[in-house]
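Taking it in order: structure first as structure tokens, then the write-up.
The values are calculated or read from the model by the stated rules, or taken from the named source; none is laboratory data. None of these values were measured; they are calculated from a predicted model. Cβ placement follows ideal geometry from the backbone for every residue including glycine, while neighbour counts extend to all protein chains displayed.
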Amino acid sequence: MKNKEPGVRLFGAINRSVGVKLFLIIICSIVVLVSILGMTSYTVSKNIIKNKVASSSLQTIEQASDKLDFLFGVYESQSRQLLVDQELMGQLVAYNGPELATAEKTRISNSIVERLNSMVAADKRLYSVRLVPKSMDKTKLVSSKGASSLNLTENSNSWLDKVIEANGEIVYIPAQKKGLFDLNSEPTMMIGRLLKNLNNPEKEYIVLLEVRDQELSGVLANISLAESSQIMLISNDNDIVHIEDSNLLGSKSTIHISGNGEESKGSLFVKDEHGKDQLVVYKQNELSKWNVVGVAPVSELVKETSSIIQITIIIIVLSALLSVAIGMFVIRMVGRPLQKLSSLMEEGEKGNLSVRTDFRGQDEIGKLGQSFNQMMEQISVLVNKTNDSAQHVLHTAFELSEVSQKSSTMAREVSVAIEEIAQGAMELSIEAEKEMTYAENIGLNMDNVIDSNSKMEESADRVYQISSQGTEYMNELILKTNSTEELTSSMIGKVDRLKESTISIHKILEVLKAMTQQTNILSLNASIEAVRAGAAGKGFMVIADEIRNLSDQSKDSINIVQTITSDIQREVEETVELLLTASPLLTEQIHSVKEAATIFDHVREEMDLFIQHNEVSTTSIKELNQSQLVLSESISNVSAVAEQSSASSEEVASIASEQLNSSEKLVILSDKLADLSESLKESLILFQTRGKGE
């Protein structure tokens, strides 16, 4: 807490002093504006220099690319000369001949090697020249001095395949630490071309011009963007083709360049692995399609701008000193008069209205002092008048208090009388509500009786309908029973006739039975006569046997029919006995049905009388219900009048109570007004409207 006290005191001093505020505002505004102007100038200058350096560096890289184009153009020309040299092509064909003598083969090989050595001797930038057979046969390799045999690896085979696929076009092979075949003592790059032979395609050769990588450094040696800048060649696959540090050859570049078409050259600003800004300018080489890239630290390019920031700091310090001087002048001219005026106003706050300023100036401070003096004069006059008015208010307050007390006493008496009236009206309203409740209960019971009568009337209607249906069913049953009696009588007659028929059948069967016996006698007689006739009567004897058999069969059939007829006759007799027994029962049933029909008629007549009496009772109950509604409405009107009277009494009582409260508040306000007058009088005593010497 003790460490914070100085800061708190400083903040309080700033908050209480206008002069200190103006002093700080002037210092901050001048210093901030100068700082912003200086830093803006520094930033703009730095950006301009960066853009200018980037533009000039791009031109330098373009010149380097042109130098490389010239160098690569020379080797393209040499490879093209080998391609169109018919003598060399003939020697290569002969050298690959299968029937060539050893001496001749050695002579041709020495001639080709001598020519290749002359090319290497004429250009110190060439490390070697190789003629590699398309079949990759090491025995047919021809190379200049400095070149070893073939060391075919996956990498070398890949590049040789690309040269073959180029079909006579130049292929640029990036620099590698020990050459393409990993046999050299220093980094070299290669330029390859297929020497096409349309007549003997199988005897084609690949010419490889091997260039020292340090010679590329010699071409780019005079190109510099800054003290610690570096120039490199980067392929389109972002592989480092050439760089001053040969250990980085073949590795991936941290700078990504996509220079194709319209973007074949340009500049950009990137950050390195340490987070420092780097300027990168690039130009795509026309022949090799490699990107010539220059990298330089931005800090070296814009180091001349450090003088601008130094001058800016000096100007900021000078502006701070100047702003302090201006602030002190403002405090003396503005802060001190305002502080004096503040002290005089504090005296006036304490009640001393005789204080005056002595400002003589014509500026805003002087006018403020004159206005302060006039204000104190006006306040003095106002205090004197207020003192006089306070005396009158005090006298009026005493009179108002007496009148208010009398009004309060009368209002209290009126309020008591009105409360008694309201209580009587409330009791009347309560009794009316009780009677209304009884009337409503009677109405509910009448409604229940009406509902019960309605349900009884509906039940009587249903009983009447059911008795009517029962009467109809009994009439139909009588008709059906009469028909049954007629059918029974008819059946008895038919059964009697059937009995007579069975008797006739018995008679017929007796006749047939007698005929059967006679037939047997005749067949017996015929047999006897046949026996007497001897051989002549054998046929007649057979016929007699057949007739006897038929007679026996007829006899059996007649016996069976007679048995069946006897059974039928017996059953017919039993049926007749049953019908004779049922006939009296049917007669009694018809009599009972007729009596039931008579009973149903009496029930229907009684239900008609019951419905008529029920309708009369329902009508009487409805009239009673109407009378109850009229009674309930009358009681409701009485209750409403009582409630209205009670509400009016309560309203009057409320008004009287409000008047009583108002009277009491008026008494309180009168007391407060008297107290306020006393307080105002005491407060005005504190003000001094005249000086102590007057």
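Numbers below:
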read-out	value
Residue check for Leu160: in contact with a strand residue (DSSP E or B) (Cβ under 8 Å, 6 or more places away or on another chain) and in the same structural domain as Thr106 (by TED's automatic domain parsing)	yes
Boolean, Asn157 is in a loop (DSSP other than H, G, I, E, B) and either touching a His at 6+ places or on another chain (Cβ under 8 Å) or at pLDDT 85 or above (or both)	no
Close pairs (8 angstrom Cβ cut-off, 6 or more residues apart or separate chains): under 14 Å from Leu498 (Cβ atoms) in segment 561-581, of a type in the set (Lys, Arg) anywhere	Gln569/Lys499; Val572/Lys499; Glu573/Lys499; Val576/Lys499
Among the residues listed as Ser489, Ser501, Ser523, the single one being among the small types (Gly, Ala, Ser), more than 60 Å from the chain's Cα centre (by Cα), surrounded by 11 or more Cβ atoms within 10 Å (Cβ to Cβ) and under 17 Å from Ser551 (Cα atoms)	Ser523
Selected residue (only one of Asp567, Asp556 is exposed (fewer than 13 other Cβ atoms within 10 Å of the Cβ) and within 30 Å of Thr488 (Cα to Cα))	Asp567
Residue match in segment 210-219 (condition: surrounded by fewer than 19 Cβ atoms within 10 Å (Cβ to Cβ), modelled with pLDDT of 80 or more and polar (S, T, N, Q))	yes
Pick from segment 241-258, criterion of a type outside the set (A, V, I, L, M) and assigned to a strand (DSSP E or B), ranking: farthest from Phe269 (Cα to Cα)	His242
Pairs with Cβ under 7 Å, 6+ apart, first in segment 510-537 and within 22 Å of Gln553 (Cβ to Cβ), second among the β-branched types (Val, Ile, Thr) and assigned to a helix (DSSP H, G or I)	Leu512/Ile558; Lys513/Ile558; Thr516/Ile558; Thr519/Ile547; Ser523/Ile547
Of all residues making up segment 594-612, the number that are β-branched (Val, Ile, Thr) and over 12 Å from Gly470 (Cα atoms)	1
Number of the condition not met by Met89 [criteria: (1) assigned to a helix (DSSP H, G or I); (2) exposed (fewer than 15 other Cβ atoms within 10 Å of the Cβ)]	(2)
Test for Val44: is it of a type in the set (Val, Ile, Thr), surrounded by 13 or more Cβ atoms within 10 Å (Cβ to Cβ) and in a helix (DSSP H, G or I)	no
Test: residue in segment 166-175 that is part of a loop (DSSP other than H, G, I, E, B) and under 60 Å from the mean Cα position of the chain (by Cα)	yes
Total residues in segment 47-73, condition over 19 Å from Asn291 (Cα atoms) and either surrounded by 14 or more Cβ atoms within 10 Å (Cβ to Cβ) or touching a residue at least 12 places away in the same chain (Cβ under 8 Å) (or both)	3
